[in-house]
Amino acid sequence: MKAIVISLAKEFDNLKKPISEVLTRIACDMDLRDKVVEVYLTKDNVGEKKNFNVLSFPFPKHFPRPDLTRGESLGEIYLNPNYIKSQREDVYYMLIHGFLHLLGYDHKKNSDRIEMEKKEKELFKMISY
């Protein structure tokens, strides 16, 4: 997997490498080696969204990405580390949450929420040391 991590605030530059490593480890475990994910670290609003922890925007199938030399782009994840910290959440757990949304997981129905939370916990345990 190729993780493109972009810090939109200098204070988050220290998160770029560990986020890339976490996504790579998860992707290898899930056999998603030929995929690309973009992660944006921001402390600002994204569009109409204010005070958010994580947002995910999947790319439509076969979305043209001439800037990528190889691999299918799954989409974009926006993380707001300051807000995540203020809510006493974990930035890597929120990263996993956003990544699973790109893979089609959701929490609209109770059964879907249970399945997603199970996968989140499994992946978080795998990356925790």
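A compact table of results
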{"read-out": "For the chain, built as a Gaussian network whose Cα springs stay under 10 Å, the top-fluctuating residue of Leu103, Leu15, Leu23", "value": "Leu103"}
{"read-out": "Charge tally in the Cβ shell below 14 Å around His107, where Lys, Arg are +1 and Asp, Glu are -1, His107 excluded", "value": "+1"}
{"read-out": "DSSP-defined beta bridges in the chain - what % are antiparallel, rounded to 5", "value": "30"}
{"read-out": "For Val39, distant residues with modelled amide H under 5 Å away", "value": "Ile4, Val5, Ile6, Ile77"}
{"read-out": "Charge context of Pro81, other residues only, Cβ under 9 angstrom, K/R +1, D/E -1", "value": "+1"}
{"read-out": "Distance (nanometres) between label positions extended 7 Å along Cα→Cβ at Leu103 and Glu89", "value": "1.9"}
{"read-out": "Distant-in-sequence amide H partners of Ser73 (H built 1.01 Å from N, under 5 Å)", "value": "Val36"}
{"read-out": "Förster radius 41 Å - calculated FRET efficiency between Asn110 and Arg33 (Cβ-Cβ, nearest 0.05)", "value": "0.80"}
{"read-out": "Nearest-0.05 FRET efficiency for Leu8 and Glu72, computed from C-beta distance (R0 25 Å)", "value": "0.55"}
{"read-out": "Gaussian network model of the chain, springs between alpha carbon atoms under 10 Å - residue of Glu72, Glu38, Glu48 with greatest fluctuation", "value": "Glu48"}
{"read-out": "Rel. contact order, % - alpha carbon contacts under 8 angstrom, at least six apart, the chain", "value": "23"}
{"read-out": "Label assignment, Rg/Rh (Cα atoms, Kirkwood Rh) derived from the structure, set (i) 0.94; (ii) 1.98; (iii) 1.00", "value": "(i)"}
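Throughout, read-outs are computed from the coordinates displayed, never taken from laboratory work. Note that the structure is predicted; figures quoted are calculated from it, not measured. All Cβ positions, even for glycine, are placed from backbone atoms using ideal geometry, and neighbour counts span all protein chains on display.
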